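Asks: I have a structure here, written as structure tokens, and I will follow up with some questions on it.
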Amino acid sequence: MANRPAQSDPFDLVVFGGTGDLAHRKLLPALYHREPVGHLGEDARIIAVSRRELSDTEYRDWARNAICEHVAEVDQEALERFLARIQYVSVDVAQNTGWEALEQKLAGREDVVRAFYLSVSPDFFGPICSALGEHNLVTETSRVTIEKPIGKNGRSAHEVNETIGSVFKEHQIFRIDHYLGKETVQNLMALRFANVLFEPLWNAAHIDHVQITVAETLGVESRAGYYDTAGALRDMVQNHLLQLLCLVAMEPPESMAPDSVRDEKLKVLKALRPMSSEMVERNTVRGQYRAGASAGGAVKGYLEELGRNDSNTETFVAAKVDIENWRWANVPFYLRTGKRLAARVSEITIQFKDLPHSIFLPDAGRIAANKLVIRLQPDEGVKMQVMIKDPGPGSMRLREVPLDMTFAEAFSSRHPDAYERLIMDMIRGNQTLFMRRDEVEAAWTWIDPILEQWSQIKEAPKPYTSGTWGPSASIALIERDGRTWHDETY
């Protein structure tokens, strides 16, 4: 029988940005999914906070619409139970008003877990936390969750961490990266540390290189204003891709205890070879999408979506990364992420080395090196490319085939969304899948020199047509090493 997480202790989850897009698409549907399976205790409350003036009934109607839109199968009885938990408070963070109403809503429940989720612009992280402290809303059992990006560079990230840290203790701060909540990311750790098969081969002696791709078919669309101040390096590489790299490259932790896992991730970040000016120019590629075709229709270019004639903001990044330790000496990690690419896919490819010697005759065919592909989205699963004999009489003919496990086929139960796991982990106080302060700042230490060099050379991002795999320079980046990107027909 599958293990079921226990019912949570009583809690108040206060969601700032309660009428925002993230709450609509992800947070409310994720919380609803915990209702039918009994993970929300009877005394659990959800308090949505936004500057809009709404009654509890009006907000519950808004939440009902969100759940019905984004949940495939809705249990009406469970939905009514869930909506009854929800209350609404109007707080204008920019004007610093409405806090007294939130105080009244939380009064008398200082003994339950009090979790604050800041689904707001990063500019409001500091002001909200400061106000929570000033109004004595932070208890010993409080936690706060903040979404990326945490700062725009190392200096601003330090300032954000200092401000939040002046109100909350480090064990109360949950820096969320939803990629770490994906089932396949969890299975990356299970593959490595729960199977004797892979860990002995997980090193420079057997692995040729590693690829990490996070590709989107969407453009920036309604996020154009924010995105033009960030770009793909800040928006994706500094957090999502580096976190995935850490899970691939880290040493076995002593246990699954939060700090044991995060200690090993931090070691990887500190072992990243710093990018000199010459390395930035040679080992990174910036791109920006132009008009093209996606999802069967014509789409605008980045500048058209932005409504400007020029911008040096990158919508695509490819990079060759080296880790300076014994396990990964001379094993390059190729990172790639972008918008308006040929397919929506997030995956990690572990490319093993070629066979040192073949015993087969030349007419047996080419022997391809083994490859482990861990698909994060869509169609989450794990695939191992191996060589077998082609069935039939006659001489030995070799053929590459996949040993394929798709989670949807392997497990009959519904596949939980990453936010479901992460929200409940936060409420339970489990920080394993959340970033520690020193991780965030170590990642910026590696990212900052790249940003600085890009700003100095003032070279425009290389254009690429929407619906392709990015600028041709990204292909040259990997092919000059005699390798190629793992681009299947998705």
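Asks: Using only the Cα atoms, work out Rg/Rh for region 339-390, with Rh taken as the Kirkwood radius, to two decimals.
Replies: Values: Rg = 15.0 Å, Rh = 13.3 Å.
Ratio value, two decimals: 1.12.
Asks: Take every Cα-Cα distance within region 204-285, group them into 5 Å bins from 0 onward, and report for each bin the whole-number percent of pairs it holds.
Replies: 3, 11, 16, 21, 18, 14, 10, 6, 1, 0
Asks: Where in region 1-74 are there GluC sites (Glu not before Pro) that are in a DSSP coil and have at most 12 other Cβ atoms within 10 angstrom of their Cβ? Mind showing how you got there, number by number?
Replies: Values: sites: Glu42, Glu53, Glu58, Glu69, Glu73; in loops: Glu42, Glu53, Glu73.
Those satisfying the criteria are Glu42, Glu53, Glu73.
Asks: So how much slack lies between Ala190 and Cys68, counting 0.36 nm per residue of separation and subtracting their Cα-Cα distance, in nm? Intermediate values should be presented prior to the final figure.
Replies: Values: separation 122, 0.36 × 122 = 43.92 nm, distance 3.39 nm.
My answer for the length gained is 40.5 nm.
Asks: Moving to a separate point now. Treat every Asp and Glu Cβ in the chain as -1 and every Lys and Arg Cβ as +1, leave all other atoms uncharged, and give the resulting dipole magnitude about the Cα centre to the nearest 20 debye.
Replies: In total the dipole reaches around 1160 debye.
Asks: How about region 337-376: which trypsin sites (Lys or Arg not before Pro) there are in a DSSP loop, with at most 12 other Cβ atoms within 10 Å of their Cβ?
Replies: Here the trypsin sites (Lys or Arg not before Pro) that fit, given the DSSP loop and packing criteria, are Arg366.
Asks: What is the ratio of the Cα radius of gyration of region 1-60 to 2.2 N^0.38 Å, where N is its residue count, to two decimals? All intermediate terms of the calculation are to be shown ahead of the outcome.
Replies: On the way: Rg = 13.2 Å, N = 60, 2.2 N^0.38 = 10.4 Å.
That works out to 1.27 for region 1-60.
Asks: To the nearest µm²/s, what D does Stokes-Einstein give for region 24-129 at 10 °C and 1.306 mPa s, using the Kirkwood radius over alpha carbon pairs as Rh? The partial results should precede the final answer.
Replies: Numbers: Rh = 14.9 Å.
Reported coefficient: 106 µm²/s.
Asks: Using 5 Å bins from zero, what percent of all Cα-Cα pairs in region 432-490 falls into each bin?
Replies: The calculated distribution, bin by bin, is 4, 13, 13, 14, 17, 16, 17, 6.
Asks: For a quick size check, give me the Cα extents of the chain along its three principal axes, largest first, whole Å.
Replies: Dimensions of the chain along the principal axes of its Cα atoms: 79, 58, 47 Å.
Asks: Still on this structure, I have one more. Span-like helices, the chain: DSSP H, alpha-carbon axial extent 24 Å or more, mean Kyte-Doolittle -0.5 or greater, which ones?
Replies: Length and hydropathy pass: 437-457.
Asks: Please list, or write none, the lysines whose alpha carbon is within less than 18 Å of the alpha carbon of Lys182, excluding same-chain residues fewer than 8 places away.
Replies: Lys26, Lys148, Lys265, Lys383
Asks: Arranged from highest to lowest average of other beta-carbon atoms within 10 Å per residue, in what order do the peptides 236-246, 288-298 appear?
Replies: Details: 236-246: 24.8, 288-298: 15.5.
Highest to lowest by the protection proxy: 236-246, 288-298.
Asks: Under 10 Å from the Cβ of Ala205, count the other residues' Cβ atoms, weight Lys and Arg +1, Asp and Glu -1, and hand me the total. Spell out each step's value before the answer.
Replies: Working: positive: Arg327, Lys353; negative: none.
Combined, the nearby Lys, Arg, Asp and Glu give +2.
Asks: How much length would be gained if the chain were fully extended between Leu197 and Ser276, taking 0.36 nm per residue of separation minus their Cα-Cα distance, in nm to one decimal? Intermediate values should be presented prior to the final figure.
Replies: Working: separation 79, 0.36 × 79 = 28.44 nm, distance 3.74 nm.
In short, 24.7 nm is gained.
Asks: Please state, as a whole number in µm²/s, the translational diffusion coefficient that the Stokes-Einstein equation yields for region 297-367 at 20 °C and 1.002 mPa s, with Rh defined as the Kirkwood radius across alpha carbon pairs.
Replies: Here the translational diffusion coefficient equals 126 µm²/s.
Asks: Treat each spin label as a single point 7 Å out from the Cα along the C-beta direction, and report the Ala298 to Glu42 distance in nm.
Replies: Here the modelled spin labels are 6.2 nm apart.
Asks: GluC sites (Glu not before Pro), restricted to region 119-220: which are DSSP loop and have at most 11 other Cβ atoms within 10 Å?
Replies: On the way: sites: Glu134, Glu140, Glu147, Glu159, Glu162, Glu170, Glu183, Glu216; in loops: Glu140, Glu147, Glu216.
Passing both the DSSP loop test and the Cβ count: Glu140.
Asks: Taking only protein heavy atoms into account and a 1.4 Å probe, give the accessible area per residue of the chain in Å².
Replies: That works out to 45 Å² for each residue.
Asks: Between Thr229 and Met256, what is 0.36 nm times their sequence separation minus the Cα-Cα distance? Round to one decimal in nm.
Replies: Working: separation 27, 0.36 × 27 = 9.72 nm, distance 3.66 nm.
My answer for the length gained is 6.1 nm.
Asks: Considering just Cα atoms, how many Å³ per residue does the convex hull of region 248-370 enclose?
Replies: Working: hull volume 28.1 nm³, N = 123.
Expressed per residue, the convex hull around the Cα atoms of region 248-370 is 228 Å³.
The values are calculated or read from the model by the stated rules, or taken from the named source; none is laboratory data. Because the structure is a prediction, the values reported are computed rather than measured. Here the Cβ is made from the backbone with ideal geometry for all residues, glycine too, and neighbour counts use every protein chain on show. Ligands, DNA and RNA are stripped out before the accessible areas are found, and what is left, the full protein with its side chains, is counted by its heavy atoms. Shrake-Rupley method; radii C 1.70, N 1.55, O 1.52, S 1.80 Å.
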